[in-house]
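One structure follows; several queries about it will come next.
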Amino acid sequence: MTRLSNKSYQWQTLLSMSVYVVLLLLVWPLARTVEGWAAKGLLALAPVLPMLYLFALMARRIRESDELEQRMHLVALGVATMLTAALSLVGGFLAAAHVLAIDGSILIWVFPLMMASYGIVRSVMVRRYGGDMFACAGDSGIPGYVRALLVAVLMAVVAAFAYVKNDDQLWGVFAGMAAAFIAFAMLQLIRHRRQKAALADDRRQG
């Protein structure tokens, strides 16, 4: 089996997220309208399939990494797991005491929370060891600002869908997330251009 390149991993991750969004918006709602527990179950679990593929992709990525990369991946996953568990515990106690009104749909946000925590912690780890989480050369993969813009597009699609469905709460959440990723993409683009300019200056001076 050939080693999974960084660019291939990133494109497959974005593809999995895109399929997840499509199934979540177009297939999952049908579970509320069909008859029969088997059909309901299959439609309700359809968005899980691309996420299971993403889990396998992450496992392969970690397995093929060197020892330092594995350490960063596992530390990030460990911190993300503890953070998610702590928030789930707090939410569970507050819900049990009727302080918060939480239904089962909140579980959908557990995985995105873990992935966001994982990404932040791994970024910190990479910087700590002198790397660049959003490097743009060689096998480093898709530039950071491009990835952020692609995620922003996905968030904007969900926001537009929620707007059409008159779901003001969902619309507000995903519109805000899309705006945040666009702002992040702009920051990454500025950083990328500054790095290119600094590299060009170094070459001229050398």
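The values are calculated or read from the model by the stated rules, or taken from the named source; none is laboratory data. Being a predicted model, the structure only gives us computed values, none of them experimental. As a convention, Cβ positions derive from the backbone with ideal geometry for all residues, glycine included, and neighbour counts pool all protein chains shown.
Among the residues of the range 146-168, how many are in contact (Cβ under 8 Å) with a residue 60 or more places away in the chain, within 18 Å of the chain's Cα centre (by Cα) and buried (at least 17 other Cβ atoms within 10 Å of the Cβ)?
5
Just a yes or no: is a residue in the range 147-155 in a helix (DSSP H, G or I), over 23 Å from TRP11 (Cβ atoms), at pLDDT 85 or above and touching a helix residue (DSSP H, G or I) at 6+ places or on another chain (Cβ under 9 Å)?
no
Which of (1) free of Cβ contacts under 8 Å to residues at least 24 places away in the same chain; (2) closer than 22 Å to ARG147 by Cα does SER88 not meet, given it meets every other one?
Against the list (1) free of Cβ contacts under 8 Å to residues at least 24 places away in the same chain; (2) closer than 22 Å to ARG147 by Cα, SER88 comes up short only on (2).
Could I ask something else about it? Give the residues of the range 19-50 that are in contact (Cβ under 8 Å) with a residue 24 or more places away in the chain and surrounded by fewer than 16 Cβ atoms within 10 Å (Cβ to Cβ), sorted by residue number.
Across the range 19-50, the qualifying residue is only LEU49.
Between GLY119, GLY78, GLY91, which is at pLDDT 90 or above, of a type outside the set (A, V, I, L, M), in contact with a helix residue (DSSP H, G or I) (Cβ under 9 Å, 6 or more places away or on another chain) and within 27 Å of PHE184 (Cβ to Cβ)?
Within the list GLY119, GLY78, GLY91, the selection yields GLY78.
Can you find a residue that is farther than 20 Å from VAL21 by Cα, touching a residue at least 12 places away in the same chain (Cβ under 8 Å) and within 16 Å of the chain's Cα centre (by Cα) anywhere in the range 169-192?
Checked against the condition, which is being farther than 20 Å from VAL21 by Cα, touching a residue at least 12 places away in the same chain (Cβ under 8 Å) and within 16 Å of the chain's Cα centre (by Cα), the range 169-192 yields at least one hit.
Which ones in the range 133-145 are modelled with pLDDT under 75 and among the aliphatic types (A, V, I, L, M)?
Once the filter is applied, which keeps residues that are modelled with pLDDT under 75 and among the aliphatic types (A, V, I, L, M), the range 133-145 yields MET133, ALA135, ALA137.
Quick check on the range 71-79. Is at least one of its residues of a type in the set (Gly, Ala, Ser) and touching a residue at least 24 places away in the same chain (Cβ under 8 Å)?
Among the residues of the range 71-79, at least one is of a type in the set (Gly, Ala, Ser) and touching a residue at least 24 places away in the same chain (Cβ under 8 Å), which makes the answer yes.
Between GLY130, GLY172, GLY104, which is farther than 25 Å from LEU87 by Cα and either at pLDDT below 80 or surrounded by 12 or more Cβ atoms within 10 Å (Cβ to Cβ) (or both)?
Within the list GLY130, GLY172, GLY104, the selection yields GLY130.
Any idea which of LEU49, LEU94 is assigned to a helix (DSSP H, G or I) and within 21 Å of TRP11 (Cβ to Cβ)?
LEU49
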